[in-house]
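What follows is a single structure, written as structure tokens, with notes after it.
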Amino acid sequence: MRPPRRLKFTREGKFFVGITLGVGFAAINTANNLLYLLLGLLLSLIVVSGIMSELSLQGLTVVRRLPSRAQVGRPHLVEIEVFNHKRRVPSYAIEVEDLRARQPADKRCFFLKISPKSAQVAAYRRTPLRRGRDVHVGFRIATRFPFGLFEKSREVTAPGELVIYPAVDPVQLPPAQMGHVPGSAHVVGRGHGEDFLGLKLMRTGDDPRDIHWRKSAAVGQPVMRERARETQPDIVLTLDTVRPRDPPDDWGSNFERRIRDVASRAMAHLKRGDCVAVRTSSGAVARANRIVGADPLLRYLALVEPQGPHGAIASVPAS
Amino acid sequence: MRFGLVHRIMTDALAALGVLAVVSTASLSHWTNLVLLVGLAAALVIPESWQNRPALRHFATLAPLALLILQGGRLVAGRSPLDVAVEFAALLQIVRLATRRGAAHDQQIIVLALLHFIAGTVLGGGLTYGLCFFGFLVVAPGALVLSHLRREVEGNYRQGARDRTGLPVDVPRILRSRRVVGRGFLGATCLLAVPILLFTTALFLVFPRIGLSLLLLSRPHAGRMVGFSEHVDLGDVGTLRDDPTIALRFEVADLPDPPPARKTLRLRGTALDRYDGHAWLRTQREALHPVAKEADDTYSLFPRAKPPRDRFLSIFLEPIDPPVVFLPPQTVALRLRLPNAALLGDPVTIQRGADGEFRYAGSDARGLTYDAYMARGDEVASEPLATDDRERYLALPPDLPIRIAELAHSWTYRFATDREKAVELERRLSHDFAYDLHSPSGGKPQPLDDFLFVSRRGHCEFFSTAMAVMLRTIGIPSRNVTGFVGGTWNRFGRYYAVREGDAHSWIEAYVEEPGRPASWQTFDPTPTSGAQPMEPPTGAYYYLRDFVEALSQRWNTYVIGYDLHKQVRLFEDVTRRYERLRGKSGLQKGPFSALTRAPVAGFILLLLSTVAYGLWKRRRGAGEKPSTDRGDGRRNDPGREAIIALFCKLEAALQKLGVTRPRWLPPLRHAEDLQVHGHPLAPEILSLTQVYLEARFGGKVLTEATRHDFARRVRELALPRRGRVELG
């Protein structure tokens, strides 16, 4: 089934219909044939308007392209692509509204002309105000073509989701500690640390200071020492997600502020090269490092919700 | 074609048509029309680049206010509100045309043009209005569409809409663009005039004509006709001789083929009974009595049992003042062919005046169409002369020179009967005197005396005056009659056109004939050259003039004059033809006779059309079924899916290379940027991107070979290389 159309009068349309009714009344009253001619013209313009607006709306599909990541307070672009499947008829003056769940439609993209069998892309800029899931439910495709008298629209379902990361503030951290702390290191691979990992044949470009001479003599070829990467311990940041039984009025805003603070510090540590783990009071842990990137951690912080006093331990969302 | 330029031209055309429609009604004064036309021309030639000049902007602000004050003052001074309103709207249009900036002003221009056409219907729309209306019908769809698009561009793009790169859109660039409006677009919008015209015509024909007349807005036309009033000065009628304005048309049945180019037919208007030595006057002005209407809108002008219906003339009289009914000789009855009378209006009636004059009256008395039935040659069709009136028709001016009576006596003393005397006077005047439109006797103290004895030349007024006065001097009652003589054939309209230049004057004398009672008989002493209709001119201009006049007459008859009677006749005619068709095809009998009756057939046709439309829509929807929205709105097109998948691999390879494309940057632009920055892989990336775009949007079919080649090249791209350059 094709989605139903909605028809709405524009301001010009109301005037036009008013004039048409006035001319009609005058025509019936005076039997002036010229007024009948005018009435016929005005009514036929209304009919033609309906047909052409329908033609313009038909055969269109809309695709949304969301950015890979978005953050509170930082604008991002959402691309809207409209494809006109009609073979010969272009679509004019198409307006696409991106509909989001539980939010008023405030973002529109306008397409002046979409040629047949081609697409047009437009983008709108949005600055999210809250972290979490931004759920897109569909589009409202509207046009006031051809005369601007009526607005005809239809809605299509097109779900989409964008996770809005919490805002991050610049944080100055103290200089990193060098050296190895026993008991908490994680070997993460080859590097230039002090630990001995193994031997390998020398290749062009390797540092000759790492040649294991004794083994090289035994093998008959230059053999290199393989070293392990210097490791650092995880930086653990804690986040209290348990809502007290009678929370104060500003508990919610404080919670958000804490999330923002944790995110900011996590990003600062990550930039410094540290491994970061965020542990919540409910027991969930999210980790991030330079190799994996900040996404898993920020995603977790975007989606974390406060829990009740006896809430179950929240599982770490998949990165 | 540039969007902005085409839009401007179409809006200008619409505005010009509206102003011309108002001017063409000829209801405004000549000076007003001149100002409007000159102002329109000036407003149209003002270049768009001047719109931002301070002087023009001040003019845009102050001129409407000044106009409002001026027209308000004229209204207070007593001018007609309708005229004041129409002039104000027309002048405002010119101001707006000259000073417009932006889509909002363009829409005001379109609304004002529409109001002008509405005003034109009230002021009276002739053929020129019809042509302007047709032009409006052709231009309006395109102008409305472009105006709407411009408004959308200005409204959307100026409010912060962005293109795919996130940058604000350049509105002037769009207005200069040639890609929005092409020949196809213009052709399609102009072709919209066809369905609009068809629908307008259908509605015009079908909508029932009932005039409630609750609020009469129409204004009757009136043109002053010199010579058809109660006072005629010798020397005034002749100046009409060159006026080609049509006064009336008449149609004659059973014409030979080809019809004669001219027809000399006297159409009697008014009669004047008193001559004061310089001018003719009517002494019986208030004597108007209604003539009783019989069945079928017929009026018997003289008492008789049954007026003949075989000899008649159809006359189409233009609105003139006074509203005199012009009748051919021997008219005994007339039948009015009236448009549908307004429910609450005054019906048209015929009134009899003194001196054999007939007039019409009524609230919708703007011209008249009637059939004049004429008596046969041997019948008498005139009112008898009452004894009280005899003196009126024998009265002479007190200072009439005696020699005029002597001349009349010298010409007629040999003849016994009044009729013979009248015939002789007529012969003498028409043969012995010359016709001269610029009569030299006009300004003389005794113009008639000068005509008869000095100049011996003059126009028809002098001849008729001479004969009437001379008849009175010999005791024969006579009166001066004014009207029209004959007409010229219009081959397009198949009627005879009688123009104001055909105005003529002759006399009626009350004479007896042997074996017949005395009656008013017509005599025309004007020489033949002056007693004929204007010479039908030849040439391309007059050929075109005939065509335009015929078209105008058709317009007035079938558009302006389309009424309930014509509507009913049209439907009856259509039904009759349909029944004839049924009869010829044998459908009137048999099993299909009930189904093929007109109303049933019409209903079945409508039903079938609706069902067919529904089936067609459903089939179109089913045909598009595979392309339903899958949440992301993508179509199940294998080729498209494949190229998108390949492109995703390319993007992944770019990411590995460290040259990830930002989401907001289109693929082609990204590849071109790499080229600009000298990336070693830029040519390959650009080539692959172009293949992608051609397959996805360009309609190029993605073959298996292309697919494999694309995948191979992407794999090679992803292989590690030395000397990699990363973009910052």
**OP:** Please enumerate the residues belonging to the range A:1-46 that are small (Gly, Ala, Ser) and either buried (at least 17 other Cβ atoms within 10 Å of the Cβ) or farther than 21 Å from residue B:147 by Cβ (or both).
**Re:** A:13, A:22, A:24, A:26, A:27, A:31, A:40, A:44
**OP:** Using the structure shown, decide if residue B:6 is in a helix (DSSP H, G or I), under 15 Å from residue B:97 (Cβ atoms) and not hydroxyl-bearing (Ser, Thr, Tyr).
**Re:** no
Subject >> Which listed residue is in contact (Cβ under 8 Å) with a residue 12 or more places away in the chain and either part of a helix (DSSP H, G or I) or on the phi < 0 side of the Ramachandran plot (or both), from B:39, B:73 >> reply: B:39
Original post:
Do we find that residue A:256 is over 26 Å from residue A:129 (Cα atoms) and not hydrophobic (A, V, I, L, M, F, W, C) in this structure?
Top reply: no
Subject >> helices (runs of 4 or more DSSP H) contained in the range B:614-728 and holding at least 1 residues over 29 Å from residue A:138 (Cβ atoms), at pLDDT below 80 and of a type in the set (A, V, I, L, M, F, W, C) >> reply: B:638-657, B:704-718
Subject >> Residue list for the range A:1-35, restricted to those being more than 7 Å from every other protein chain (Cβ to nearest Cβ) and within 30 Å of residue B:619 (Cβ to Cβ) >> reply: A:1, A:3, A:4, A:5, A:6, A:7, A:8
Original post:
Going by the structure shown, is residue B:15 under 25 Å from residue B:150 (Cα atoms) and either surrounded by 12 or more Cβ atoms within 10 Å (Cβ to Cβ) or not polar (S, T, N, Q) (or both)?
Top reply: yes
Subject >> Looking only at the range B:96-113, and only at residues there that are under 15 Å from residue B:14 (Cα atoms) and touching a Leu at 6+ places or on another chain (Cβ under 8 Å), the one that is nearest to the other protein chains (Cβ to nearest Cβ) >> reply: B:110
Original post:
Taking the range A:36-63 on its own, how many of its residues are more than 23 Å from residue B:561 (Cβ to Cβ) and either more than 8 Å from every other protein chain (Cβ to nearest Cβ) or not hydroxyl-bearing (Ser, Thr, Tyr) (or both)?
Top reply: 18
Original post:
(1) among the aliphatic types (A, V, I, L, M); (2) more than 20 Å from residue A:173 (Cα to Cα); (3) at pLDDT 85 or above: which one isn't true of residue A:242, the others all being true?
Top reply: (3)
Original post:
Listed residues A:105, A:93, A:158; which is at pLDDT below 90 and buried (at least 20 other Cβ atoms within 10 Å of the Cβ)?
Top reply: A:158
Original post:
Which one is nearest to residue A:87 (Cα to Cα) among residues in the range A:127-160 that are within 20 Å of the chain's Cα centre (by Cα), away from chain B (no Cβ under 11 Å) and assigned to a strand (DSSP E or B)?
Top reply: A:140
Original post:
Among helices (runs of 4 or more DSSP H) lying entirely in the range B:124-198, which contain 2 or more residues that are modelled with pLDDT under 75?
Top reply: B:171-176
Original post:
Residue check: is residue A:81 within 10 Å of chain B (Cβ to nearest Cβ), within 19 Å of residue A:124 (Cβ to Cβ) and not in a loop (DSSP other than H, G, I, E, B)?
Top reply: yes
Original post:
When the range B:404-447 is examined, which residues are found to be of a type in the set (A, V, I, L, M, F, W, C), within 13 Å of residue B:525 (Cβ to Cβ) and surrounded by 14 or more Cβ atoms within 10 Å (Cβ to Cβ)?
Top reply: B:408, B:411, B:422, B:423, B:425, B:429, B:433
Original post:
Considering only the range A:262-300, how many residues are at pLDDT 85 or above and on the phi > 0 side of the Ramachandran plot?
Top reply: 0
**OP:** Could you tell me whether the range B:202-224 includes any residue that is under 30 Å from residue A:27 (Cβ atoms), within 11 Å of chain A (Cβ to nearest Cβ), at pLDDT 85 or above and more than 25 Å from the chain's Cα centre (by Cα)?
**Re:** no
**OP:** Pull up the range B:254-272, narrow it to residues that are among the hydrophobic types (A, V, I, L, M, F, W, C) and touching a residue at least 60 places away in the same chain (Cβ under 8 Å), then point me to the one that is surrounded by the fewest Cβ atoms within 10 Å (Cβ to Cβ).
**Re:** B:261
Original post:
Pick from the range A:64-78 the residues that are among the small types (Gly, Ala, Ser) and surrounded by fewer than 21 Cβ atoms within 10 Å (Cβ to Cβ): which of them is farthest from the other protein chains (Cβ to nearest Cβ)?
Top reply: A:73
Original post:
For the range A:89-126, what are the residues that are more than 8 Å from chain B (Cβ to nearest Cβ), among the hydrophobic types (A, V, I, L, M, F, W, C) and in a strand (DSSP E or B)?
Top reply: A:94, A:96, A:99, A:111, A:114
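The values are calculated or read from the model by the stated rules, or taken from the named source; none is laboratory data. Please read these numbers as outputs of a predicted model, since none were measured by experiment. FYI the Cβ positions are ideal-geometry reconstructions off the backbone, even for glycines, and counts take in every protein chain you see.
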